[in-house]
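The values are calculated or read from the model by the stated rules, or taken from the named source; none is laboratory data. This is a predicted model, so every value here is computed, not measured. Heads up, the Cβs are rebuilt from the backbone with ideal geometry, glycines too, and the neighbour counts pull from every protein chain shown.
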Amino acid sequence: MAAEPVTRSPFDVARFAAERAARAVRLGAPLRYAPTTGSTNDDALAAAREGEPEGALFVSDEQRAGRGRRGAGWVAPPRAHLMFSLVLRPRVPPDRLSTLALATGLAVREACARYVTSPLRVKWPNDVELDGRKLAGILIESSGVGTARLAVVVGVGVNVARVPWPPELTERATSLEEAGARVEREALLAEVLAALERRVAVWEAQGLEASRAELAAADALRGEAVTVEGVSGIAAGIAPDGALLIATPEGVVRVVSGHVVRAGTRGATPAPTART
């Protein structure tokens, strides 16, 4: 069941340029804005293969073929949420790329925290939660791994507007507006990019290690009973290499990827977020 369209203004390119300039953010140029597209991640990946520079930003009001991890699809109401993809060309070993989603999650959390007072947490491996419900999703994709032309596309979707969620998802998804914040997408995007710019520089130099204490404090799963890829136990934190640690009767198990099912939930359908 799709949510009904929400009437909001189109993304304002000039307003975003002013917000970005006010924060002296390097990321976000050139800007490729399209009112409607298939997927901003696909657009960014195609452009990166053609040499698009680091910092190039792809923004759309509506995506016809947006997706999340493992191909999960979801369509956001036009103009309701913030959906963008950013081209990065990080100077890191390929095995470091798996931790970028968590670093990005911390950046999104930092930016959104300016607008709400309710708890924001990073949910392994690629979500941000507000009051225990999904606020944002992140999708990292790469091109040219192992070559000098390595490009990474950071796709982010943040639920901004109040929308009528399908009944089965009303307790699992939320938005900034539902939390009482009236947020302009252009300002929020500039805030996310500013936070991401700082955090990517630290991530390139030190990986997740520099953010280990912050990530532990913001860990949405820590202490919860979870099942991931057949491994059941108590979530016991996130390792510096991005693996989820699960305490089982046999010992602590490292899980490097997978869909998390919390105890007491069916976990069959990921909560929707503006996808890239």
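To keep it simple, each residue is scored yes or no on (1) buried (at least 19 other Cβ atoms within 10 Å of the Cβ); (2) out of contact with any strand residue (DSSP E or B) (no Cβ under 7 Å at 6 or more places or on another chain).
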{"site": "LEU88", "(1), (2)": "yes, no"}
{"site": "SER98", "(1), (2)": "no, yes"}
{"site": "VAL116", "(1), (2)": "no, no"}
{"site": "ASP131", "(1), (2)": "no, yes"}
{"site": "VAL160", "(1), (2)": "yes, no"}
{"site": "GLU186", "(1), (2)": "yes, yes"}
Failed item, numbered, when PRO166 is tested on (1) out of contact with any Cys (no Cβ under 7 Å at 6 or more places or on another chain); (2) buried (at least 20 other Cβ atoms within 10 Å of the Cβ): (2)
Selection within the range 239-256 - outside any loop (DSSP other than H, G, I, E, B) and either among the hydroxyl-bearing types (Ser, Thr, Tyr) or loosely packed, with under 14 Cβ neighbours inside 10 Å (or both): THR248, GLY251, VAL252, ARG254
Subset of the range 257-276 that is surrounded by 15 or more Cβ atoms within 10 Å (Cβ to Cβ) and among the charged types (D, E, K, R) - its residue that is modelled with the highest pLDDT: ARG262
Single residue of the range 134-151 satisfying the filter (over 14 Å from the mean Cα position of the chain (by Cα) and at negative phi) that is surrounded by the fewest Cβ atoms within 10 Å (Cβ to Cβ): ALA148
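Is it the case, given these coordinates, that GLU62 is in contact with a Ser or Thr (Cβ under 8 Å, 6 or more places away or on another chain), under 23 Å from ASN126 (Cα atoms) and either part of a loop (DSSP other than H, G, I, E, B) or modelled with pLDDT under 95 (or both)?
Yes, satisfied.
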Qualifying position, being at pLDDT below 95, touching a helix residue (DSSP H, G or I) at 6+ places or on another chain (Cβ under 9 Å) and in a helix (DSSP H, G or I), among ARG79, ARG20, ARG15, ARG96: ARG96
Residue identified as touching a helix residue (DSSP H, G or I) at 6+ places or on another chain (Cβ under 6 Å) and either modelled with pLDDT under 95 or not aliphatic (A, V, I, L, M) (or both) among TRP124, TRP203, TRP165: TRP203
Single condition ARG198 does not satisfy, out of (1) among the charged types (D, E, K, R); (2) at pLDDT 95 or above; (3) surrounded by 15 or more Cβ atoms within 10 Å (Cβ to Cβ): (3)
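Restricted to the range 106-121, and to residues that are free of Cβ contacts under 8 Å to residues at least 60 places away in the same chain and not hydrophobic (A, V, I, L, M, F, W, C), which residue is nearest to SER143 (Cα to Cα)?
Among residues in the range 106-121 that are free of Cβ contacts under 8 Å to residues at least 60 places away in the same chain and not hydrophobic (A, V, I, L, M, F, W, C), the one nearest to SER143 (Cα to Cα) is PRO119.
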Test: ALA56 is buried (at least 21 other Cβ atoms within 10 Å of the Cβ), closer than 18 Å to LEU189 by Cβ and at pLDDT below 95: no
So ALA236, is it free of Cβ contacts under 8 Å to residues at least 40 places away in the same chain, more than 22 Å from LEU139 (Cβ to Cβ), surrounded by 14 or more Cβ atoms within 10 Å (Cβ to Cβ) and over 23 Å from the mean Cα position of the chain (by Cα): no
